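The values are calculated or read from the model by the stated rules, or taken from the named source; none is laboratory data. All figures in this text were calculated on a predicted structure; none of them were measured in a lab. As a convention, Cβ positions derive from the backbone with ideal geometry for all residues, glycine included, and neighbour counts pool all protein chains shown. Protein only, heavy atoms only, side chains kept; ligands, DNA and RNA dropped before computing areas. Shrake-Rupley method; radii C 1.70, N 1.55, O 1.52, S 1.80 Å.
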Amino acid sequence: ATRFNRSFLAKMLYATGASENKNYNVALEEVRKAEILAGDNEDMLMQVLSTRADIYYRMKDYEKAFSIYEEALIKNMEDFTLLNNYAYYLAEQNMKLKEAERMAKKVIENEKDNYTFLDTYAWVLYKRGKIRDAEKIMQRIIDNTENKDAEFYEHMGFIKMKRRECESAVENWEMALKIDSTKVELFKEIEKCRGRK
């Protein structure tokens, strides 16, 4: 980003990397510079808003993150990545779940085979208490994807637990941990589930 000082892409990549490393102030500063480089380019400005919202969400400043998402959606209600991310984050915070479901549904109506988007829709349905519908979608994802994503198995575990299928929940969480050993919070869920038997 220093070398290619006038490159929008370099700034955005640097911001994303800094955010992944929890260097949020650096990330926000790079996004600010990227916004200047974007000028009047609507697509670039949408990327800036989306990345900025994501950084604030990671900082746990949910109010700020969600107000940026709202601002971005006023500009473009057809940006499926934006709609998906906002719906997922709302579900994670158990906020505006009806709205989150509407957004996630709109996304999958247009992106039927995107398993990340389908996972978001299933997770929103789970949070709304529509457990069977969520389970059907998650089963389809797990059965059909080559990509073994820890998130998919983690979510399926919670769905199975809600259906009182503890053994199956534990199997899914163990698979999630096998794929991503950093999901240590799942050990607590496994213990809880086993304790219910």
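Does any residue of segment 155-164 turn out to be in a helix (DSSP H, G or I) and surrounded by fewer than 18 Cβ atoms within 10 Å (Cβ to Cβ)? There is at least one residue in segment 155-164 that is in a helix (DSSP H, G or I) and surrounded by fewer than 18 Cβ atoms within 10 Å (Cβ to Cβ).
Quick check, is residue 103 assigned to a helix (DSSP H, G or I), modelled with pLDDT under 95 and in contact with a Phe, Trp or Tyr (Cβ under 8 Å, 6 or more places away or on another chain)? The answer is no for residue 103.
For segment 169-188, a tally of residues being under 15 Å from residue 150 (Cα atoms) and open to solvent by 30 Å² or more (accessible area, probe 1.4 Å) returns 11. Restricting segment 163-180 to residues that are acidic (Asp, Glu) and over 19 Å from the mean Cα position of the chain (by Cα) leaves a set whose member that is nearest to residue 127 (Cα to Cα) is 165. The set of residues in segment 140-149 being open to solvent by less than 30 Å² (accessible area, probe 1.4 Å) and farther than 20 Å from residue 81 by Cβ consists of 142 alone.
Residue 183 meets the conditions (1) assigned to a helix (DSSP H, G or I); (2) within 16 Å of the chain's Cα centre (by Cα); (3) among the basic types (Lys, Arg) in every case but one. The failed one is (1). Per the listing 52, 58, the residue uniquely under 20 Å from residue 91 (Cβ atoms), touching a helix residue (DSSP H, G or I) at 6+ places or on another chain (Cβ under 8 Å) and free of Cβ contacts under 8 Å to residues at least 40 places away in the same chain is 58. Taking the residues in segment 106-139 that are assigned to a helix (DSSP H, G or I) and among the small types (Gly, Ala, Ser) as candidates, determine which candidate is surrounded by the most Cβ atoms within 10 Å (Cβ to Cβ). Within segment 106-139, the match that is surrounded by the most Cβ atoms within 10 Å (Cβ to Cβ) is 122. Screening residue 94 against (1) closer than 24 Å to residue 62 by Cβ; (2) open to solvent by less than 30 Å² (accessible area, probe 1.4 Å); (3) under 15 Å from the mean Cα position of the chain (by Cα) leaves a single unmet condition, (2). If you go through segment 128-144 and keep only what is closer than 18 Å to residue 173 by Cα and either acidic (Asp, Glu) or under 18 Å from the mean Cα position of the chain (by Cα) (or both), you end up with 134, 135, 137, 138, 141, 142, 143.
Of the residues in segment 63-72, none is more than 19 Å from residue 95 (Cβ to Cβ), of a type in the set (Gly, Ala, Ser) and open to solvent by less than 10 Å² (accessible area, probe 1.4 Å).
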